[in-house]
Amino acid sequence: MTIVSDLITFFINCEKSDPMKTNLSFKTILFVLIAVSIMACDIFTEKNTECEETKMPSRQTPTVYLKLLLRNDTISDSLFVHYATKATFSGTITKVYCDGTVSSTFEYNPTFYPVDMDYIPLHSGFYLSQPYEFNFDNDKDYLLVMARLKVWFPGGMIYESEEASRKYYYKDILNDVLENKKFLFIPFGKPVYFQVSSK
């Protein structure tokens, strides 16, 4: 509404000073608005067509767990995640539909204690306790997972990783037959860590 008012004021002022200039400015702005409208319509139509082509036969509503995999737990030459007395794996899961509409965002921030865990599950993957339910209507719908790891060591040293992100489509949801769970593998590779405290 403010933009429209500003344009009206602009035309009135221009008309008072130079009617020919007003006519020229009006035609130029009208041409630009029409061009932008056509482009926006084409983009919307193209996106809408793409989503129609990838629409799933029926809605899928999986309950999904996150399975954290520490592929490389090296922080420095002498520090490793599996020696940490405490760790938090925090971030968000955002559901995005094919057309770009954001449906919902969930936060997670579970705590675990690497020094008390067996080496194998820590490095082959372990489940976070909280499940999440999402609707999938399209093959192009996806989950955007943002993640960050913070670890505490004896002596008061605390390190935090850079934030990692990854998209997961419906086809990326895995099925654990033994555990009877659907899950997303979160392969936390070798992020950059920053020391945030030494006390």
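Throughout, read-outs are computed from the coordinates displayed, never taken from laboratory work. Keep in mind that what you see is a predicted model, and the values were worked out from it rather than measured. Glycine also receives a Cβ, built like all others from the backbone with ideal geometry; neighbour counts cover every protein chain displayed.
The Cα atoms of the range 58-197 define a convex hull whose projected area, averaged across directions, is 8.9 nm².
Here is the link list: 67/190; 86/140; 67/171. Which ones come out longer than 26 Å on Cα distance? Flagged as over cut-off: 86/140. Volume per residue of the convex hull around the Cα atoms, evaluated for the range 141-199, comes out as 104 Å³. Note on residue 49 and residue 107: with the Förster distance fixed at 25 Å, the Cβ-Cβ geometry gives a FRET efficiency of about 0.15. As a proxy for reagent exposure, 50, 162 were ordered by neighbouring Cβ count within 10 angstrom, fewest first; the result is 162, 50.
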